[in-house]
Amino acid sequence: MGAQIAVPAPLRNSALLGLGVHRPERIVTNDEICEQIDSSDEWIQSRSGIKERRFAKQHPEESVVDMATSAAEQALAAAGLTGAQIDTVVVATSTYPFQTPQAAALVADRIGTGGAAALDIAAGCAGFCYALGVASDLVRAGSAEHVLVVGVERMSDTTEPTDRSVRFIFGDGAGAVVVGPSDEVGIGPTVWGSDGSQANAIRQEPDWVDFANNPDQKRPWIIMEGTAVFRWAAFEMSKYARQIADKAGVALEDLDAFVPHQANLRINDVIVKQLELPETVAVADDIIETGNTSAASIPLAMEKMLRTGQVETGSTALLLAFGAGLSYAGQVVKMPPLAK
Ligand code: UT7
């Protein structure tokens, strides 16, 4: 009864040790999307900023687990670690087509962790920053040493090809980071939350059991009430961006980069205006070539900024993800290295 429970040493710092991505080879232009929806390249570009996106190969090739593994291998190379040094794998996804077992266990096996703890997180487009918050706190508390965090989606499987309210927005891909202990603070506190009263704004319809019981109806697809999501994102997110910066003790004007979820270039323009970010803060714009890859969008956008020289390893960036739930999450980080 009087036994003392041991806890690990006091909190330590966490950081992003490496970043890797998987971009499917197949580029899908707006014109190709418009073969199946009543829209135009001009409309899509002016309303969303998107010029093209990538779609993974047809199921079961280039699966969620394949893409996650490919991004994870790049992240490990960037961090100079082997799979055996990863003790926890967290996969953020809303498009893994199996309810069990979780994708993270397969990824952990494929990269050779030798039995890492493995869990999936579903928080829609906010998933990567949710997973990063969990990983960072596991490392800080000493519950994990090196955590692999992956954001991965095959949105092409879950959006109806003829639905013009969603089909042009989404794309496929994966991004991964390794989170580990560090002398310097590399990941600030997480700000996160949700508003389930607006859960209908991005939803799946019908549910799979309903569909199995009534196979005459349409199969489940993602439905989005775009304008409601647009309003929520454009007018609530600046408040959370300020909270993220405040909690990290970083002034917005001292940031090197702002990496908002890549949902719509116009949403991000509104957020940037509300934050009055100076021109010295580079703003991610990966959506133009990548579309909205949901939980994969933040690491893919970070990779583009590093690859194109918009920011350097060690730069200070504010990450802010938002989407289904409606949920949001973010933190200030030091940008990680890419593989050489
Ligand atoms: O990642 C998860 C979070 N998701 C988001 O953050 C997405 C947020 N929402 C959006 O990005 C935007 O709402 C969309 C890009 C999806 C749509 O843009 P919008 O400016 O909100 O368009 P709207 O739905 O208000 O529709 C405007 C007009 C309508 O026509 P009328 O009523 O003005 O004549 C629509 O019927 O555009 C029409 N429309 C289209 N026209 C051509 C709607 N979709 C299309 C389309 N092509 N694909």
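The values are calculated or read from the model by the stated rules, or taken from the named source; none is laboratory data. Keep in mind that this is a model prediction, so the values were computed, not measured. Using ideal geometry, Cβ is built from the backbone for each residue, glycine included, and neighbour counts are taken over all protein chains shown. We work out accessible area using only protein heavy atoms, side chains counted, and drop any ligands, DNA or RNA first. Shrake-Rupley method; radii C 1.70, N 1.55, O 1.52, S 1.80 Å.
Can you find, among Gly249, Ser327, Ala296, the residue sitting farthest towards the positive end of the charge dipole of segment 191-334, where Lys and Arg contribute +1 and Asp and Glu -1 at Cβ?
It is Ser327, whose Cα lies furthest towards the positive end.
Just want the answer: with Cβ charges of +1 for Lys and Arg and -1 for Asp and Glu, which residue in Ala6, Phe55, Leu106 is farthest toward the dipole's positive end in segment 1-141?
Farthest towards the positive end: Ala6.
Assigning unit charges at the beta carbon (Lys, Arg +1; Asp, Glu -1) and nothing else, what dipole magnitude in debye, to the nearest 20, does segment 191-334 show about its Cα centre?
That gives segment 191-334 a dipole magnitude of about 140 debye.
Among Asp210, Asp285, Asp109, determine the one that fluctuates most according to a GNM of the chain built with springs between C-alpha atoms less than 10 Å apart.
Taking springs between Cα atoms under 10 Å, the residue moving most is Asp210.
State, to one decimal in nm, how far the label point of Thr29 lies from the label point of Lys340, with both points 7 Å from Cα in the Cβ direction.
Here the modelled spin labels are 3.9 nm apart.
Where does the chain land at 222 nm, in deg cm²/dmol rounded to the nearest 500, when only DSSP H runs of n ≥ 4 count, each adding -39500 (n - 2.57), divided by all residues?
-9500 deg cm²/dmol
State the Kirkwood hydrodynamic radius of the chain in Å, one decimal place, computed from all pairs of distinct Cα atoms.
It works out to 20.0 Å.
Just the number, please: carbon plus sulfur as a percent of the accessible area of the chain, 1.4 Å probe, no ligands or DNA/RNA counted.
50
Starting from the Cα of Lys57, move 7 Å in the Cα-to-Cβ direction to define the label point; list residues of segment 139-154 whose amide nitrogen is under 20 Å from there.
Correct set: 152-154.
To the nearest 20 debye, what is the magnitude of the charge dipole of the chain about its Cα centre, counting +1 on the Cβ of each Lys and Arg and -1 on the Cβ of each Asp and Glu?
460
As a quick test, which of the pairs Lys51/Lys247; Lys57/Lys218; Lys239/Lys304; Lys57/Lys273; Lys57/Lys247; Lys273/Lys304 have an alpha carbon distance above 30 angstrom in this structure?
Those over the limit are Lys51/Lys247; Lys57/Lys273; Lys57/Lys247.
Bins of 10 Å, beginning at zero and ending with the bin holding the largest distance: percent of Cα pairs per bin for segment 191-334, please.
Once binned at 10 Å, the Cα pair distances of segment 191-334 give 11, 39, 30, 13, 6, 1.
Find which of Gly115, Val166, Val65 sits farthest along the positive direction of the dipole of segment 39-179, computed with +1 on the beta-carbon of Lys and Arg, -1 on that of Asp and Glu, about the Cα centre.
Going by the charge dipole, the pick is Val166.
Cα centroid distance between segment 312-340 and segment 166-225, in Å?
Each part's Cα centre sits 17 Å from the other's.
Suppose all protein chains stay in the model; what accessible area per residue would a 1.4 Å probe give for segment 102-174, in Å²?
30
Quickly work out the Thr100-to-Thr227 label distance, labels modelled 7 Å from Cα along the C-beta direction, and quote it in nm with one decimal.
Between Thr227 and Thr100, the simple spin-label model gives 4.3 nm.
Report, by chain and number, residues whose modeled amide H sits under 5 Å from the one on Leu17, excluding near sequence neighbours (fewer than 5 apart, same chain).
For Leu17, whose amide H was placed from the backbone, the distant partners under 5 Å are Val178, Val179, Gly180.
Enumerate the helices in the chain for which the Kyte-Doolittle hydropathy averages -0.5 or more and the C-alpha atoms extend at least 30 Å along the helix's axis, using complete DSSP H runs.
The qualifying helices are 226-248.
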